[in-house]
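The values are calculated or read from the model by the stated rules, or taken from the named source; none is laboratory data. Note that the structure is a prediction, hence the values are computed from the model and not measured. All Cβ positions, even for glycine, are placed from backbone atoms using ideal geometry, and neighbour counts span all protein chains on display.
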Amino acid sequence: MIKFPRFLFLAAVLLPAVLLLPGRAVAGPTAELRATVAEVLELLFPGGVAEDPVGVMPQVREIIDKRFDFDVIARRSLGRGWTRLSEEQRTTFSRLFADLLMYSYTDRLAGLSRPDIEWGSVQQLGTNRLEIASTIVYQGERYEVLYRLVEMRGDWQVYDLVIEGVSLVGNYRSQFTSVLDRRGPDELLRVLSERVDAQKGRSDG
């Protein structure tokens, strides 16, 4: 997996929190994105420092569960491989992938101070797609993060996050495709389940 500075994994934690945004004018998704990120940051960094990121995950997950359909990003993380999964396997994959994002990075936030987020321009990528630019400022360093959204069924949904030029979905897709092509859907789900269990165990420990 491509490595980023530890706190940038916060972006992966924030991603599920903004996957479903009310469908309005371009200003609407931007405002909703900023509000949701601020809400999650407040939970993760009370007083400016991440004291117990694992402990507040149930609250973060509650925000997430109210606001998104994870099938969108799960499907994109598999690309054409999504068609090789049965309906039951797709449901399982979506759940496991959501858990993987939540548990992979939360314990790494412990002790880190809250980063500043500067919101940039909004670029229309097509009739139903847009990109919201942001910059994470941490300890004097600046890191570019792009949120890419698509309007589906009246809602704006984030379908990818680009961190310092690297697509989060594309990064996972390369890993998942490798397992799927070599071992098949059942083995992909088994490997993903093992990774989730390992991450949960590390976080709980």
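For the range 42-66, filtered to residues that are assigned to a helix (DSSP H, G or I), surrounded by 18 or more Cβ atoms within 10 Å (Cβ to Cβ) and touching a Leu at 6+ places or on another chain (Cβ under 8 Å), the residue that is modelled with the lowest pLDDT is Ile64. Any residue at all in the range 177-187 that is out of contact with any His (no Cβ under 7 Å at 6 or more places or on another chain), without any contact (Cβ under 8 Å) to a residue 40 or more places away in the chain, under 20 Å from Thr36 (Cα atoms) and hydrophobic (A, V, I, L, M, F, W, C)? The answer is no, given that none of the residues of the range 177-187 is out of contact with any His (no Cβ under 7 Å at 6 or more places or on another chain), without any contact (Cβ under 8 Å) to a residue 40 or more places away in the chain, under 20 Å from Thr36 (Cα atoms) and hydrophobic (A, V, I, L, M, F, W, C).
Candidates Glu187, Glu194, Glu118: the one that is surrounded by fewer than 18 Cβ atoms within 10 Å (Cβ to Cβ), touching a strand residue (DSSP E or B) at 6+ places or on another chain (Cβ under 9 Å), of a type in the set (D, E, K, R) and not in a loop (DSSP other than H, G, I, E, B) is Glu118.
For the range 120-148, the tally of residues that are in contact with a helix residue (DSSP H, G or I) (Cβ under 6 Å, 6 or more places away or on another chain) and at pLDDT below 85 stands at 1. All of (1) on the phi < 0 side of the Ramachandran plot; (2) at pLDDT 90 or above hold for Gly184 with one exception: (1). With respect to (1) at pLDDT 70 or above; (2) in contact with a helix residue (DSSP H, G or I) (Cβ under 7 Å, 6 or more places away or on another chain); (3) charged (D, E, K, R), the lone exception for Arg6 is condition (1). Looking only at the range 139-152, decide whether some residue is among the polar types (S, T, N, Q), without any contact (Cβ under 8 Å) to a residue 40 or more places away in the chain and more than 24 Å from Ala38 (Cβ to Cβ). For the range 139-152, residues among the polar types (S, T, N, Q), without any contact (Cβ under 8 Å) to a residue 40 or more places away in the chain and more than 24 Å from Ala38 (Cβ to Cβ): absent. Of all residues in the range 129-145, those satisfying the criterion of being under 17 Å from Phe45 (Cβ atoms), surrounded by 14 or more Cβ atoms within 10 Å (Cβ to Cβ) and not hydrophobic (A, V, I, L, M, F, W, C) are Ser134, Tyr138, Tyr143. Right, Ser113: under 24 Å from Gly48 (Cα atoms), of a type in the set (S, T, N, Q) and in contact (Cβ under 8 Å) with a residue 40 or more places away in the chain or not? Yes.
Tell me whether the range 158-180 contains one or more residues that are hydroxyl-bearing (Ser, Thr, Tyr), in a helix (DSSP H, G or I), at pLDDT below 85 and within 15 Å of the chain's Cα centre (by Cα). The answer is no; no qualifying residue exists.
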